[in-house]
1. Pairs, please: C-beta under 8 Å, at least 6 apart or cross-chain, first residue modelled with pLDDT under 85 and in the stretch 11-26, second of a type in the set (D, E, K, R) and open to solvent by 70 Å² or more (accessible area, probe 1.4 Å)?
2. For residue 218, are the conditions met, namely being of a type outside the set (Ser, Thr, Tyr) and either in contact with a helix residue (DSSP H, G or I) (Cβ under 6 Å, 6 or more places away or on another chain) or outside any helix (DSSP H, G or I) (or both)?
3. Name the residues in the stretch 242-270 that are modelled with pLDDT of 70 or more and either touching a helix residue (DSSP H, G or I) at 6+ places or on another chain (Cβ under 7 Å) or β-branched (Val, Ile, Thr) (or both), would you?
4. Which of the residues that make up the stretch 31-58 are open to solvent by 40 Å² or more (accessible area, probe 1.4 Å) and either touching a residue at least 60 places away in the same chain (Cβ under 8 Å) or over 20 Å from the mean Cα position of the chain (by Cα) (or both)?
5. If you check 189, 144, 172, which single one turns out to be free of Cβ contacts under 8 Å to residues at least 60 places away in the same chain, in contact with an Asp or Glu (Cβ under 6 Å, 6 or more places away or on another chain) and not acidic (Asp, Glu)?
6. Among the residues of the stretch 89-102, is there at least one that is over 30 Å from residue 11 (Cα atoms) and at pLDDT below 90?
7. List every residue pair whose Cβ atoms lie under 6 Å apart, where the two residues are 6 or more positions apart in sequence or sit on different chains, the first residue falls within the stretch 97-126 and is within 29 Å of residue 193 (Cα to Cα) and β-branched (Val, Ile, Thr), and the second residue, located anywhere, is open to solvent by 30 Å² or more (accessible area, probe 1.4 Å) and modelled with pLDDT of 70 or more.
8. For the subset of the stretch 179-238 comprising residues that are β-branched (Val, Ile, Thr) and within 12 Å of residue 162 (Cβ to Cβ), which member is surrounded by the most Cβ atoms within 10 Å (Cβ to Cβ)?
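The values are calculated or read from the model by the stated rules, or taken from the named source; none is laboratory data. This structure is a prediction, so every number in the text was calculated from the model and none was measured. Positions of Cβ are generated from backbone atoms using ideal geometry, with glycine treated the same way; all protein chains shown enter the neighbour counts. Just so you know, the surface numbers come from the protein's heavy atoms only, side chains and all, with ligands and any DNA or RNA stripped out. Shrake-Rupley method; radii C 1.70, N 1.55, O 1.52, S 1.80 Å.
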Amino acid sequence: MITVLALVVVAVVVTLLAPAVLTRGTWWLHRPQLALRLWLSALIIAATSLLLSVGIAAVIVATNTHSHGVGAPAAGLFAWCGLGVAGGIAALLAANAEPISAAKRRTDVAVSLLVARSTARTEHIGGQEVAYLQTADPIACSTADGRVLISTGVEDAMPRACVRAVIEHERAHVRGRHGLIARVAALNAAAFPRLRTAREFRKTVALLIELVADDTAARVCGPATVCNALTLMDRIDPNPGLALRAARLAASPVKSWPHRRHLAPVLRSR
């Protein structure tokens, strides 16, 4: 019974303290990868602790080991209440997962149609396909199947070096499975809309995955190039977040950005 209560305390403490601790100060702006890992770790620890506490209590009841001792009635009550709560949480997650999955499927279909109709040429960079779309709309994104989409509107608005920085940013999203992380955060927030941790998790993760991708691109192309690419993207598709991310890179000391990676070769398909 002590183990069960300890696990519940861990889950509650992590849930309550994670937003206050992980958003304190500005360290996470300089170490977004570490911050993202800590947020994901907090989510995993809280969920695992809660599930283990319910599971252990259920085993106690099933094996009748709660029939003796002072804590016996409490263990039984907690087990049944815990199973009920677990069932409710599972129902919430299932109910909110379907709309999110349906929206993703619609987006995937729309993207597939756009690629089929508008692809002007394709390249392969580091084993990933880059499709250039014949449209003036400012499109720069990655797809669920790992492709990177760049519109000719973006390509014509900036130098080739900046276009490559945009591509490396999107490749970082693909390699880091940022789409999956964003969907987990969205599901968590949808299932628990009144929980501050869930709201903070979704909002912070959305920013952190962009900062992580910026940093990854900066290590390949250089921070100045990525900064220029963000500034030019802000001109053709105004977004306050782009300007702030560019300012962050511009304020970073050059010595903190060692070029540890080489540009992957570009293989033209058509």
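1. Short answer, once both residue conditions are applied: 19/196.
2. Working: of a type outside the set (Ser, Thr, Tyr): yes; either in contact with a helix residue (DSSP H, G or I) (Cβ under 6 Å, 6 or more places away or on another chain) or outside any helix (DSSP H, G or I) (or both): yes.
The answer is yes for residue 218.
3. The answer is 242, 243, 245, 246, 248, 249, 250, 252.
4. So the first thing to find is which residues in the stretch 31-58 are open to solvent by 40 Å² or more (accessible area, probe 1.4 Å), and the list is 31, 33-34, 37-38, 40-41, 43-45, 47-48, 50-52, 56.
Within the stretch 31-58, 33, 40, 43, 50, 51, 52, 56 qualify.
5. Details: 189 fails: in contact with an Asp or Glu (Cβ under 6 Å, 6 or more places away or on another chain); 172 fails: in contact with an Asp or Glu (Cβ under 6 Å, 6 or more places away or on another chain).
Exactly one of 189, 144, 172 is free of Cβ contacts under 8 Å to residues at least 60 places away in the same chain, in contact with an Asp or Glu (Cβ under 6 Å, 6 or more places away or on another chain) and not acidic (Asp, Glu), namely 144.
6. yes
7. 100/187
8. So in the stretch 179-238, the residues β-branched (Val, Ile, Thr) come out as 181, 184, 197, 204-205, 209, 212, 216, 220, 225-226, 231, 236.
If we keep only those that are within 12 Å of residue 162 (Cβ to Cβ) as well, we get 225-226, 231, 236.
Values: 225: 22, 226: 30, 231: 18, 236: 16.
Among them, the one singled out is 226.
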